[in-house]
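> One structure follows; several queries about it will come next.
None of the figures in this text is laboratory data; all of them are computed from the coordinates on show. What you are looking at is a predicted structure, and each value in this text was computed from that prediction instead of being measured. Cβ coordinates were reconstructed from backbone atoms using ideal geometry, including for glycine residues, and neighbour counts include every protein chain displayed.
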């Protein structure tokens, strides 16, 4: 994800992404959001839902929560946290499934494209020359 989108997420949800500046021995968030900009809105919505959920739990539990990794794997979103509730698990699962229908590059409706590397792309991004060889045609 580009630096501008990363800054927006970190600024608005700093308490969720507080491991962003920690070393790799503590969290993979030091590598940033390892996915395309097309999932920015998906991550914003997920962060907002988790934020609202944490406001309903005890302050001690909310303070303990942190995101430890955000990345694309096998064409879908991977969103790892150090603490969860039923509601948080629901929001994460919902976002993972939704990521399989949203182009990871541009955010338009997309499909999981299987090949040497599985990616969720719209038809237009799938046809881009730099994608050749990564997914089946």
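> How much length is gained on full extension from residue 80 to residue 97, taking 0.36 nm per residue of separation minus their Cα-Cα distance? Before the final figure, lay out each step's value.
Values: separation 17, 0.36 × 17 = 6.12 nm, distance 1.47 nm.
Once the chain is fully extended between residue 80 and residue 97, it gains 4.7 nm.
> Quick one: grab the alpha carbon gyration tensor of region 28-68, order the square roots of its eigenvalues as a ≥ b ≥ c, and give me rounded if a/c is under 1.5, else prolate or oblate depending on whether a/b is larger than b/c. Walk me through the numbers before you get to the answer.
Working: a/c = 5.96, a/b = 1.62, b/c = 3.69.
It is oblate, given that a/c is not under 1.5 and a/b is not larger than b/c.
> For region 3-100, give me the percentage of DSSP beta bridges that are antiparallel, rounded to the nearest 5 percent.
In region 3-100, DSSP labels about 75 percent of beta bridges as antiparallel.
> Something else about it: Multiply the residue separation of residue 87 and residue 44 by 0.36 nm, subtract the distance between their alpha-carbon atoms, and state the gained length in nm to one decimal.
13.8 nm
> In degrees from 0 to 90, rounded to the nearest 10, what is the angle of the helix 40-54 Cα long axis to the longest principal axis of the chain?
For 40-54 against the chain, the angle is about 20 degrees.
> Mind pulling the angle between the C-alpha long axis of helix 86-99 and the longest principal axis of the chain? Nearest 10 degrees, somewhere in 0 to 90.
Between helix and principal axis, roughly 20 degrees.
> Please give, to one decimal in nm, the separation of the simple spin-label points placed at residue 30 and residue 73, each 7 Å out from Cα toward the Cβ.
1.9 nm
> May I pose another question? If you wrap region 7-137's Cα atoms in a convex hull and average its projection over all directions, what's the area in nm²?
The number I arrive at for region 7-137 is 8.2 nm².
> Suppose only helical runs count, i.e. DSSP H with n ≥ 4. What mean residue ellipticity at 222 nm does that imply for the chain under -39500 (n - 2.57) per run, divided by all residues and rounded to the nearest 500 deg cm²/dmol?
Taking each H run of at least 4 residues, the total per residue is -10500 deg cm²/dmol.
> Ok, one more. What FRET efficiency comes out for residue 62 versus residue 8 if R0 is 22 angstrom and r is the Cβ-Cβ distance? Round to the nearest 0.05. Numbers along the way, then the final one.
Numbers: r = 22 Å, r/R0 = 0.98.
Rounded to the nearest 0.05, the efficiency is 0.55.
> Averaging sequence separations of C-alpha pairs under 8 Å and six or more residues apart, then dividing by the length of region 3-100, give the relative contact order as a whole percent. Don't skip to the end; give the middle numbers.
On the way: 118 pairs, mean separation 26.7, N = 98.
Over region 3-100, the number comes to 27 percent.
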